[in-house]
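Contents: one structure, followed by commentary.
The values are calculated or read from the model by the stated rules, or taken from the named source; none is laboratory data. Keep in mind the model is a prediction, meaning the values are calculated, not measured. As a convention, Cβ positions derive from the backbone with ideal geometry for all residues, glycine included, and neighbour counts pool all protein chains shown. For accessibility, only protein heavy atoms count, side chains too; no ligands or nucleic acids. Shrake-Rupley method; radii C 1.70, N 1.55, O 1.52, S 1.80 Å.
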Amino acid sequence: MSRRTLAVVSAGLSQPSSTRLLADQLAAASRDELARAGVEVELRPVDLRDHAHDVVNNLLTGFPSPSLRQALDAVAGADGIVAVTPIFNGSYNGLFKSFFDVLDSGSLVDRPVLIAATAGTARHSLALEHALRPMFAYLRAVVVPTAVFAAPEDWSGGTADGVLRARIVRAGAELADQVRRRPAAAPPDPFALTTSFDDLLAGRDQP
Amino acid sequence: MQFGIFTVGDVTADPTNGREPSEHERIKAMVTIARKVEEVGLDVFATGEHHNPPFVPSSPTTMLGWIAARTERLLLSTATTLITTNDPVKIAEDFAMLQHLADGRVDLMLGRGNTGPVYPWFGQDIRNGIPLAIENYDLLRRLWREDVVDWSGKFRTPLQSFTSTPRPLDGVPPFVWHGSIRSPEIAEQAAYYGDGYFANHIFWPKEHTQRMVGLYRERFAHYGHGSPDQAIVGLGGQVFMRRNSQDAVREFRPYFDNAPVYGHGPSLEEFTEQTPLTVGSPQQVIDRTLGFRDYVGDYQRQLFLIDHAGLPLKTVLEQLDLLGEEVVPVLRREFDALRPAHVPEAPTHASLVTARATESAAAGHAAEPAAAGTGTEGGR
């Protein structure tokens, strides 16, 4: 049985958080799908609320605190990422954006990502497509086709096997499929020397 | 081991009373600090180079020339000289001139500068930062080592039959340190030439410094300049001291909380834990500084930042008294006792002149096999 890791990033601000609830359901769906394929999955929950001050400090000082470093490493080193945010002002909240702003560049290249969001009204549903998907496209992550949006009616009116449930299962399966297709993740090392000095001297290092 | 001060040269209002020194006051304070560095028995004064407010030191060799005339032993250096936006021809000339005036009490630290808008003011582009540092330094070395240079490259007009004057004092160029926080290419550059590597160290977690110094040492050996522990390493440090550590914390906190680089971010306690900043008693500074050796190995130069964030001159001079009387004598003794005999001191003009004489003597006997293969000073 092979082993893989999924980072489960939630930018929910209240506790308990419907954003975290959605993130857990998506992670479980993906884990179950991978388990059926004989892949053992370790889930690494990353609640951004716990790192809120450290994220801002990182923006100001340029380096993460030890506990934020652990969270960033958990994401950079995961084989797949579930990224869930509440929608504020028609987009991801500032904490969600700031966390990915302080992640080392290049960390998410070719990394499977499942995007999802919660909001107070269904009218925010396309924020996933016009805000989250482009951000992860910029980071050159592989965002699975199904993005999952949960409005209040999905929690209150929905049944355990309702529409939201179906989307969660489908998105989880898509993430599992992308994770399975790839070798285990190896995060980039920002201190690794990637060119020889002779190449640098000859000016061959420029893209 | 060498101990000294490096200064950014910022003009910052004192957050405790709102008073902001004029540029004139700040410049005069910097040279007063430099003279005090010698007076209290430290070895090195290094000034930053900046071309934008709120910084004043745009013309380092002018300042260092003034200091040279008013000091006897002090080693004059930079932190850093911009190898990207300065013409390497001008760096070669300015520092050779300074070398003559200061009777060899000169070295310099090269850095790239990380402020994008500064580059075009000098006809450059920050996106070429690393290639500029590589090409310009390679030319700088030739200008100091070859009497007549024919050269062409990507970033400046070609040179034909050019002689940089004055020639370096005694035909020996100033020793060069390469400073970088997290660009492995610069550690590689320092290693390639067998030059010194300086890790800024302050404002960053020690892991950055540890990785960069480790890389530099490994590549220094790879290029045949000696064993990894013979590489020439310098570190920054940041301290604020009072005899009673609670007094130090109380007095420094408003300067910390409002400092330009890290203010309004992490708490003083968090920053102290996560970076080399030490605020406390002289003994705490001694203990913390000795601890640097645990993760970089035996090193050759320790520079402290003590005059930023609006600290008044009087306070800075008091810091220097504490460094000179209580901290550095202990550090010198302890570091010297710990350092194995095969680990060299930082090169100075005198040691470089001696090394060159030894080399020429060895070259004179090159036909005799017995003379070959001795010494590890070849690259320096």
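More than 17 Å apart: what percent of Cα pairs in region B:139-230 qualify?
Details: 2477 of 4186 pairs.
More than 17 Å apart: 59 percent of the Cα pairs in region B:139-230.
Among B:K28/B:K314; B:K36/B:K206; B:K36/B:K314, which pairs are too far apart, with a Cα-Cα distance over 22 Å?
On the way: B:K28/B:K314 13 Å; B:K36/B:K206 29 Å; B:K36/B:K314 11 Å.
Cα-Cα > 22 Å for B:K36/B:K206; rest within.
What ranking, highest mean first, results for peptides B:60-73, B:219-232 when packing means the other Cβ atoms within 10 Å averaged over each residue?
Working: B:60-73: 17.6, B:219-232: 19.1.
Ranking the peptides B:60-73, B:219-232 by packing returns B:219-232, B:60-73.
Can you order the peptides B:50-58, A:77-85, A:19-27, B:83-91 by their average number of other Cβ atoms within 10 Å per residue, highest first? Please report the intermediate quantities before stating the final value.
Details: B:50-58: 16.1, A:77-85: 27.0, A:19-27: 23.2, B:83-91: 21.2.
Sorting B:50-58, A:77-85, A:19-27, B:83-91 by mean packing, highest first, produces A:77-85, A:19-27, B:83-91, B:50-58.
Given region A:80-180, what percent of its DSSP beta bridges are antiparallel, to the nearest 5?
Details: 2 of 13 bridges.
Percentage antiparallel, nearest 5: 15.
Peptide B:189-200: average number of partner chain Cβ atoms within 10 Å per residue?
Per residue, the number of nearby Cβ atoms from other chains is 1 on average.
With a sphere of radius 12 Å drawn around the Cβ of B:E325, what net charge do the other residues whose Cβ falls strictly inside it have (Lys, Arg +1; Asp, Glu -1)? Show your work: numbers first, answer last.
On the way: positive: B:R243; negative: B:E39, B:E318, B:D321, B:E326.
Spelling it out: positives minus negatives among the neighbours equals -3.
What is the antiparallel percent of DSSP beta bridges lying wholly in chain B, to the nearest 5?
Details: 3 of 36 bridges.
So the antiparallel bridges amount to about 10 percent of the total.
A drop of at least 40 square angstrom in accessible area, chain alone versus all protein chains together, probe 1.4 Å. Which residues of region B:106-131 meet that?
The answer is B:P131 - residues whose exposure falls by at least 40 Å² when every protein chain is included.
Please give the length that would be gained between A:R165 and A:R182 if that part of the chain were fully extended, namely 0.36 nm times their separation in residues minus their C-alpha to C-alpha distance (nm, one decimal). Write out the running numbers ahead of the final one.
Working: separation 17, 0.36 × 17 = 6.12 nm, distance 2.65 nm.
Residue separation times 0.36 nm, minus the Cα-Cα distance, leaves 3.5 nm.
Does anything in region B:1-40 have its amide N under 20 Å from the 7 Å Cα→Cβ label point of B:W121, and if so which residues?
Residues B:7-13, B:21-28, B:30 fall inside that zone.
What distance in nm separates the two pseudo spin-label positions at A:S156 and B:H24, each 7 Å out from Cα along the beta-carbon direction?
7.2
Taking the alpha-carbon distance from B:K154 and a cut-off under 13 Å, which aspartates and glutamates remain once sequence neighbours fewer than 8 residues away in the same chain are dropped?
B:K154 reaches B:D87, B:D125, B:E135, B:D138.
Tell me the Kirkwood hydrodynamic radius of region B:1-132 in angstroms, computed as one over the mean inverse distance between distinct C-alpha pairs. The partial results should precede the final answer.
Values: mean 1/r = 0.0644 Å⁻¹.
Hydrodynamic radius (Kirkwood, Cα pairs) of region B:1-132 is 15.5 Å.
Determine the shielding of peptide A:51-59 by partner chains: average, over its residues, the number of Cβ atoms on other chains within 10 angstrom of each Cβ. Working shown, then result.
Values: counts 0, 0, 4, 3, 0, 3, 8, 2, 1.
The mean count of partner-chain Cβ atoms within 10 Å per residue comes to 2.
Using a cut-off of 9 Å between beta-carbons, work out the net charge of the residues near B:N86 (Lys and Arg +1, Asp and Glu -1, B:N86 not included). Write out the running numbers ahead of the final one.
Working: positive: B:K90; negative: B:E49, B:D87, B:D94.
Result for the local shell: -2.
Counting DSSP beta bridges with both partners in the protein assembly as shown, what percentage is antiparallel, nearest 5?
Here the share of antiparallel DSSP bridges comes out near 10 percent.
Given points 7 Å out from each Cα along the Cα-Cβ axis, report the A:H53 to A:E40 separation in nanometres with one decimal.
3.8
Count charges around B:S22 for me, please; just the other residues with Cβ under 14 Å from its Cβ, Lys/Arg as +1, Asp/Glu as -1. Walk me through the numbers before you get to the answer.
On the way: positive: B:R19, B:R26, B:K28; negative: B:D10, B:D14, B:E20, B:E23, B:E25.
Neighbour charge sum, excluding B:S22 itself: -2.
Can you pull a Stokes-Einstein diffusion coefficient for region B:2-346 at 25 °C (0.890 mPa s), Rh from Kirkwood over Cα pairs, as a whole number of µm²/s? Don't skip to the end; give the middle numbers.
Details: Rh = 20.6 Å.
Estimated diffusion coefficient is 119 µm²/s.
For region B:2-346, what is the charge dipole size about the Cα centre, in debye to the nearest 20, if Lys and Arg each add +1 at the Cβ and Asp and Glu each add -1 at the Cβ?
Values: 33 positive and 45 negative charges, 41 e Å.
Dipole magnitude for region B:2-346 comes out near 200 debye.
Give the relative contact order (percent, whole number) for chain B; include only Cα pairs under 8 Å separated by 6+ residues. Please report the intermediate quantities before stating the final value.
On the way: 693 pairs, mean separation 68.3, N = 380.
Here the relative contact order equals 18 percent.
At 1.4 Å probe size, what's the solvent-accessible area of B:E207? Round to the nearest 10 Å².
Using a 1.4 Å probe on the heavy atoms, I get roughly 100 Å².
Name the residue farthest towards the positive end of the dipole of region A:93-207 from the options A:A171, A:P134, A:A185, assuming +1 on Cβ of Lys and Arg, -1 on Cβ of Asp and Glu, about the Cα centre.
Checked the options; the winner is A:A171.
Can you give the charge dipole size of region A:10-80 about its Cα centre, rounded to the nearest 20 debye, using +1 on the beta carbon of Lys and Arg and -1 on the beta carbon of Asp and Glu?
Numbers: 6 positive and 10 negative charges, 33 e Å.
So the magnitude is around 160 debye.
What are the extents of the Cα atoms of region A:70-207 along their three principal axes, in Å, largest first?
66, 33, 26
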